[in-house]
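Notes follow once the structure below has been shown.
What follows is calculated from the coordinates using simple rules that are stated; it is not laboratory data. Note that the coordinates shown come from a computational prediction; the quantities given were computed from them, not determined experimentally. No Cβ is skipped: glycine too gets one built from the backbone with ideal geometry, and neighbour counts run over all protein chains shown.
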Amino acid sequence: MEISSTYHTGTQSVLIALEVPRSHVVTLQTYIDSYEGVGVVRTLDQQQSIVGILTTPDMMPIVFEILADVASTIPWRPVEQFPEELAKVFLAQL
């Protein structure tokens, strides 16, 4: 699975931006967190309900596998236009 809404940070990290209904954000975070070291989920834009998954290039296939597995219970979708400014703010806070 390839998701076009990825932002390569220039380091060894990749940020994947997804639209997730507010009522499902915590559930998605729980799924990702249950796989130790796969990624970190953070809200990028609360109003538009956009979350980011910070991961590494090596872990991207696992993140995509998890996203495919949870798609029937968590109605996520890639953001159409990547919020690059939001990503920069998010990464600056790390």
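For this structure, a couple of remarks:
- Inverse mean reciprocal Cα-Cα distance (Kirkwood Rh) of the stretch 10-74, Å: 11.9
- Order of 72, 23 - criterion: other Cβ atoms within 10 Å of each residue's Cβ, fewest first: 72, 23
- Its residue count N sets the reference 2.2 N^0.38 Å, and the alpha-carbon radius of gyration of the stretch 36-79 equals 1.18 times that reference.
- Taking label positions 7 Å along the Cα-Cβ direction at both residue 12 and residue 27, the computed distance is 3.4 nm, reported to one decimal.
- Residues 85, 36, ranked from the fewest to the most other C-beta atoms within 10 Å, line up as 36, 85.
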